[in-house]
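The structure appears right after this line, and notes come after that.
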Amino acid sequence: MELTEDLFGREILSVAELTGRLKDLIETGFGLVWVAGEISNLRRPTSGHYYFTLKDQAAQIRAVMFRIQQRYLGFEPTDGQEVLVRGRLSVYELRGEYQILVDYMEPRGEGALRLALEKLKAALAAEGLFDQARKKRPPFLPRRVAIVTSPTGAAVRDFIRVARRRFENVTLSVYPVRVQGEGAAQEIAQALTDLNRWGDFDLIVLTRGGGSLEDLWAFNEEVVARAIAASNIPVVSAVGHEIDFTIADFAADFRAPTPSAAAELIFRERSELTGHLAGLTRRLAAGMSRRTALSRERLSHLRTRLGDPRRALADRRLRLDDLAAELVRAVQETLSRRRQILNLAKLRFSPAGQKARLNLNRTKLRNMERSLIRSGPNLLDRTRGRLAELTVRLDALSPLGVLKRGYALARKKPDLKPLRTSREVSRGDRVNLLLAQGELDLVVDEVLA
């Protein structure tokens, strides 16, 4: 049992008692509170709860947001993010620390802007607006370049200065727009639309100097991203400093870290081009020399394989003589065969030949006549025998033959349909009986099954 008073009358509190009183005091003395600060030391264990510290320049407080409270959270908290939270103060007695139990949280200031930026970036990326397949390659040597920027800013002066130093005979045109503030995004988008409608430029440069996220926000607007994606002219984005990234950078065909760097990437040094051209000339000359040497070597090889053309021509002449001799022999043999055929034909169609052939045909005809005369009676006898045999078979199968053996054919009148069973007639029906000789008409008096 803990003592609550010592010998001198002093009230003695345990750590648990003191912590409990502080807990009651804090939790009953404060209702719901709104607190703004920066998230640090963010943790999310397997339980799914958020544990973090909320701090500003002078102080900090521990915070926890339980998983059940996160169903209305519209973003993913991160370290360094400025947020506004609502919750109740509580004391964690085991550690003697006070904390805020957060039931609502929203991004604040630049954090809200970054959240909106990430949401828009994700939506446009899912739509395919940033795909490399749709990006156009900037021209190698652009002659006419349009610069969309503020005409009074340092960015345009830096770009023009570098461009003139590197390639002085390029045509530069400035399309003046506001690069921050209300309506700036619409002006930028309209500039891109106008330049594409005019269609007299090789490249469009979208640029401005550095600044805060709010200063660069015009280049994070959806209308600017869609105007860049719809441009038929390649677009280079050179917005802010090297560490600054905007949605315009992702939508553009090419991104430069600064305006000066954009000019250096777009315009090559004249001396560099001259040196490159000289190098190409040397490479071309060397290539031609190698090609000529290879051609000469191949020609020499072909000459070796070909040999003396006079010898090849002599071989062809001998071959031609052989073929001519073979042709003469073939023609003579053909003519000889044709003469033999012609002589046979003459013999066949000569008067003596025709007479001999006529006598032969007459002999064949007399022989065929005698054979026909001899075979006529035999054929007639065979035919008569076959007819008699068929007559006997027909008589055997004839219904009249059956009737001659004492049978009769019963037919129902008036249609004379043959009767096969007694069930086909009724009492009083008229029946015709066909006999071997004559017929009988009867009336059914009784039907027996």
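Only the coordinates and a few stated rules stand behind these numbers; no lab work does. Since this is a predicted model, take the numbers as computed values, not measurements. Because the Cβ atoms are built from the backbone with ideal geometry, glycine has one as well, and the counts that use them run over all protein chains shown.
One table, with the values for the structure above:
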| item | result |
| --- | --- |
| Estimated inter-spin distance, Lys355 and Lys412, nm [label 7 Å along Cα→Cβ] | 8.7 |
| Convex hull volume per residue in cubic angstrom - Cα atoms of segment 15-108 | 106 |
| Hydrodynamic radius by Kirkwood, which averages 1/r over all alpha carbon pairs of segment 150-226, in angstrom | 13.5 |
| Note, ³J(HN,Hα) from phi for segment 100-105, Karplus 6.51, -1.76, 1.60, rounded to Hz, x at Gly and Pro | 10, 8, 7, 10, 8, 8 |
| Within straight-line cross-link reach of Lys135, lysines at Cα separation under 25 Å, skipping those fewer than 8 residues along the same chain | Lys119, Lys121 |
| Within segment 130-272: Cβ-based charge dipole about Cα centre, in debye rounded to nearest 20 (Lys, Arg +1; Asp, Glu -1) | 620 |
| Where the Cα pairs of segment 350-397 fall when distances are cut into 10 Å bins, in % | 22, 23, 19, 16, 11, 7, 2 |
| Separation of the Ile68 and Leu320 label points, Cα + 7 Å toward Cβ, nm | 11.1 |
| Calculated FRET efficiency for the pair Leu213/Ile12, C-beta based, R₀ 41 Å, to 0.05 | 0.15 |
| Relative contact order (percent, whole number), segment 403-443, Cα cutoff 8 Å, 6+ residue spacing | 42 |
| Relative contact order computed over the chain (Cα-Cα under 8 Å; 6+ residues apart), in percent | 8 |
| Within straight-line cross-link reach of Lys355, lysines at Cα separation under 20 Å, skipping those fewer than 8 residues along the same chain | Lys346, Lys364 |
| Cα centre as origin, Lys/Arg/Asp/Glu Cβ charges: the chain dipole, Debye | 7660 |
| Highest-first arrangement of 226-239, 360-373, where packing means the average Cβ count within 10 Å | 226-239, 360-373 |
| Packing-based order for 175-187, 286-298, using average beta carbon neighbours within 10 Å, highest first | 175-187, 286-298 |
| Equivalent ellipsoid semi-axes - Cα gyration tensor, segment 254-368, angstrom | 92, 30, 8 |
| Mean Cβ count within 10 Å, highest first, over the residues of peptides 213-220, 198-205, 151-158 | 213-220, 198-205, 151-158 |
| Distance in nm between pseudo-label sites at Arg86 and Ser375 (7 Å out along the Cβ direction from Cα) | 12.7 |
| Nearest-0.05 FRET efficiency for Ile160 and Ala293, computed from C-beta distance (R0 45 Å) | 0.35 |
| Table column - 3J(HN,Hα) (Hz), segment 383-399, Karplus curve with 6.51, -1.76, 1.60, x for Gly and Pro | 5, 5, x, 5, 5, 5, 4, 5, 5, 4, 5, 5, 5, 5, 8, 6, x |
| Segment 130-272: radius of gyration over Cα atoms, expressed as a fraction of 2.2 N^0.38 Å | 0.94 |
